[in-house]
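**Student:** Structure incoming, see below.
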Amino acid sequence: MNILQRLWWQYKLQSHPHHTLFSSYSGDELVSIDCETTSLDPNHAELVSIAAIKIKHNRVLTSQTIHLKLTPPQSLNSDSIKIHQLRHQDLTHGLSEKDALNQLIQFIGNRPIVGYHIHYDKKILDRACLRQFDHPLPNALVEVCHIYHHKLERLLPNAYYDLSIEAISRHLDLPQAKRHDALEDAIAAALIYVRLTHGDFPDLPKIRNAHSC
């Protein structure tokens, strides 16, 4: 979101509870986010769970996390359950979409958002926020896959590498998630960000050709 868009939203939402969300951020924290959804199509996917964890300098703040499960959306079916492994009975006591988004916004504030394929999550969150609050999320985005790929390009231009989150974590010698849920993936993205921005980049021989992000 550029400055003019931000100012326009600030004016439009001057009496809205989320007005401060559109002010510029001047702190030193970021928030890593991951969403589980009912589809891989961001134009139709509905939220099933949302997780976030804060990052400060070179530290992933494991004591400052949220992991929110939502009530089962109508589009939750056997095909989407294969993606995130969350069944209707796992979401019986889930939050409404509005309550979950309110908790997320309170947690992240106007901090920059970090993630793996974060534009996918942001598009889904924007759709949900527009539906519930009549505004999108204005937070700046940091895509860890792009940072990683940029570092590879500087060392070996035009190479074609495996840019899956598992492959990136292996190459950076980071812990592998025991299971893939929203919180584990948010933590994985946070660890990748910290390693890429505050650590040494490992030697290239560990990387194997595969696919791009």
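The values are calculated or read from the model by the stated rules, or taken from the named source; none is laboratory data. Bear in mind that the values here come from a model prediction, so they are computed numbers and not experimental data. Using ideal geometry, Cβ is built from the backbone for each residue, glycine included, and neighbour counts are taken over all protein chains shown.
**Student:** Counting only residues that are among the hydrophobic types (A, V, I, L, M, F, W, C) and without any contact (Cβ under 8 Å) to a residue 40 or more places away in the chain, which one in segment 2-17 is farthest from LEU104 (Cα to Cα)?
**Tutor:** Top of the filtered list is LEU4.
**Student:** Then there's this: Which members of segment 149-187 meet the condition of being under 24 Å from LEU68 (Cα atoms) and either in contact with a Leu (Cβ under 9 Å, 6 or more places away or on another chain) or of a type in the set (Gly, Ala, Ser) (or both)? Working first, answer last.
**Tutor:** Within segment 149-187, the first condition is being under 24 Å from LEU68 (Cα atoms), and the residues that meet it are 165-166, 175-187.
The answer is PRO175, ALA177, ASP181, ALA182, ALA186.
**Student:** Name every residue in segment 120-135 that is crowded, with 19+ Cβ neighbours inside 10 Å and either in contact with a helix residue (DSSP H, G or I) (Cβ under 9 Å, 6 or more places away or on another chain) or more than 20 Å from ALA189 (Cβ to Cβ) (or both), in order of residue number.
**Tutor:** Filtering segment 120-135 down to residues crowded, with 19+ Cβ neighbours inside 10 Å leaves 121-122, 124-125, 128-129.
Answer for segment 120-135, where residues must be crowded, with 19+ Cβ neighbours inside 10 Å and either in contact with a helix residue (DSSP H, G or I) (Cβ under 9 Å, 6 or more places away or on another chain) or more than 20 Å from ALA189 (Cβ to Cβ) (or both): LEU125, ALA128, CYS129.
**Student:** Pairs under 6 Å by beta carbon, first residue without any contact (Cβ under 8 Å) to a residue 60 or more places away in the chain and part of a loop (DSSP other than H, G, I, E, B) in segment 18-45, partner crowded, with 23+ Cβ neighbours inside 10 Å and among the small types (Gly, Ala, Ser), six or more apart or different chains?
**Tutor:** Within 6 Å, the pairs are THR38/ALA45; SER39/ALA45.
**Student:** Another question, then. Would you be able to tell me the number of residues in segment 153-170 that are buried (at least 17 other Cβ atoms within 10 Å of the Cβ) and either touching a Phe, Trp or Tyr at 6+ places or on another chain (Cβ under 6 Å) or modelled with pLDDT of 90 or more (or both)? Spell out the reasoning first.
**Tutor:** Applying the first criterion (buried (at least 17 other Cβ atoms within 10 Å of the Cβ)) to segment 153-170 yields 161, 163, 165, 167-169.
Those still in the list that are either touching a Phe, Trp or Tyr at 6+ places or on another chain (Cβ under 6 Å) or modelled with pLDDT of 90 or more (or both) too: 163, 165, 167-169.
Total meeting the criteria: 5.
**Student:** Among what's in segment 29-88 and is more than 16 Å from the chain's Cα centre (by Cα) and hydrophobic (A, V, I, L, M, F, W, C), pick the residue that is modelled with the lowest pLDDT.
**Tutor:** The extreme case among them is ILE81.
**Student:** For VAL194, which of the numbered conditions (1) surrounded by fewer than 17 Cβ atoms within 10 Å (Cβ to Cβ); (2) within 17 Å of the chain's Cα centre (by Cα); (3) touching a residue at least 40 places away in the same chain (Cβ under 8 Å) fails to hold?
**Tutor:** Result: VAL194 passes all but (1).
**Student:** Which of the residues belonging to segment 147-202 are among the aromatic types (Phe, Trp, Tyr) and in contact with a helix residue (DSSP H, G or I) (Cβ under 8 Å, 6 or more places away or on another chain)?
**Tutor:** First pass over segment 147-202, keeping only residues among the aromatic types (Phe, Trp, Tyr): 148, 160-161, 193, 201.
Scanning segment 147-202 gives TYR148, TYR161, TYR193, PHE201.
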